[in-house]
Amino acid sequence: MNHFLEISQLSREQIITLVQRALDFKRNPLSVSYPQYTVVNLFYENSTRTRVSFELAARNLSMPVINMNLKHSSESKGEELEDTIRTLAAMGIKIFIIRHEQEGLPKKISQLLSNQVHIVNAGDGKHAHPSQAMLDIMTIIEQKPDLSQLKITIVGDICHSRVANSLQDLCEIIGIKELVLVAPKPWQPTGSHYGRVTTSLQDGLADADVVIGLRVQRERMQTHEICDVAQYRRDYALTNETMAYAKKDVMIMHPGPINRGMEIDSDVADGSRSFILKQVENGVFMRMAILEHVLRS
Ligand code: NCD
């Protein structure tokens, strides 16, 4: 059965097809219905936008949705996640959307239960957040379709960001002019990565077409990785002054949740060049395309 686990499982053609399908859904959200498929949301980490976005996507496709109350589930009695999923699958549930702090867990479950269920990764630890990267590229293509000319810059806490990982995979597969990763030394990628790494915000922002800010993810940091927050703000915050280095029509994006006055100023987050709420809007349509994709292919 088909799963949606990480961007690297997709070809360039599949990425473009998913974006096109999401744009179709945006024009006509209630065009198809799959009432025979029930979706379960299994979110073991906090989430507002991603959980609600998947729920709305499923509802638009007429799929019944169950949001598991994990505090009251059998796992609080020691049951393993795979047994919980097996139990729900025995009741006929086919699609499981999983967010979990353990990296690789959605993939592991997909391998164990491959013939019974479809697994969708909604974020696993620091590893991957493929639906976020897909809605990001949808938002970019809608606005700036000539990918071969694009300079995209990701700024901030790169090494703790599953969003940045999935975006790197996506940019590599889809092909853009340049990807730049801007971060202070302790937050630069530690292993293999795609894109040019720099500590200089000015260098990263120069002539950028798209700037993607990241949340400072304190909850994921080891003690030696904690930066001086005031210093970080001085050197890396997205402000009206620093954004002047980028192109005039730069798209400013952020996966949210945003820390106003920390990695990004309100003027920038709420300004006319901000696509942050457009990303949220597009997320529902992209997740509709993803749910349909796992069922079809
Ligand atoms: C991101 C996440 O949870 O990975 N948020 C999101 O899904 N929109 C980014 C973050 O937590 O900073």
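No lab work stands behind these numbers, since they all come straight from the coordinates. Model, not experiment: these values are computed from the prediction. Here the Cβ is made from the backbone with ideal geometry for all residues, glycine too, and neighbour counts use every protein chain on show.
The three principal axes of the C-alpha atoms in the range 160-225 carry coordinate ranges of 36, 26, 19 Å, sorted with the longest axis first. Its relative contact order, with pairs defined as Cα atoms under 8 Å and 6+ residues apart, puts the range 1-134 at 31 percent.
Hey, how much of the P(r) for the range 162-292 falls beyond 24 Å, as a percent of Cα pairs? Tail of the P(r) past 24 Å holds 29 percent of the pairs. The rule of thumb for compact globular proteins, 2.2 N^0.38 Å, goes into the C-alpha radius of gyration of the range 98-157 1.46 times. Per the Kirkwood formula applied to alpha carbons, the chain shows a radius of gyration over Rh ratio, Rg over Rh, of 0.97. For the range 2-47, pairs of C-alpha atoms spaced more than 13 angstrom apart make up 73 percent of the total. Among the listed pairs 26/71; 107/247; 71/144; 94/185; 26/185; 71/94, those with a Cα-Cα distance over 32 Å are 26/71; 107/247; 71/144; 94/185; 26/185. Ranked from largest, the principal axis spans of the Cα set of the range 1-82 equal 44, 29, 25 Å. What is the range 240-297's relative contact order, in percent, from Cα pairs under 8 angstrom and six or more apart in sequence? So the answer I get is 34 percent.
Projected onto their three principal axes, the Cα atoms of the range 227-297 cover extents of 48, 30, 17 Å, largest first.
Residues whose amide H comes within less than 5 Å of that of residue 238, counting only those at least five positions distant or on another chain, are 264, 265 (H built at 1.01 Å from N in the peptide plane).
With Cβ to Cβ distances under 11 Å as the rule, what net charge do the other residues near residue 45 carry (K, R +1; D, E -1)?
Charge balance near residue 45 sits at +1.
Here the translational diffusion coefficient of the range 1-153 follows from Stokes-Einstein with Rh set to the Kirkwood radius across Cα pairs; for 10 °C and 1.306 mPa s it amounts to 96 µm²/s. Computed over neighbours whose Cβ is under 12 Å from that of residue 285, the net charge equals +1, Lys and Arg +1, Asp and Glu -1.
Between residue 118 and 95, 96, the built amide H atoms are under 5 Å apart, and every one of these is 5 or more places off in sequence or on another chain.
Residues whose amide H comes within less than 5 Å of that of residue 66, counting only those at least five positions distant or on another chain, are 39, 40, 41 (H built at 1.01 Å from N in the peptide plane).
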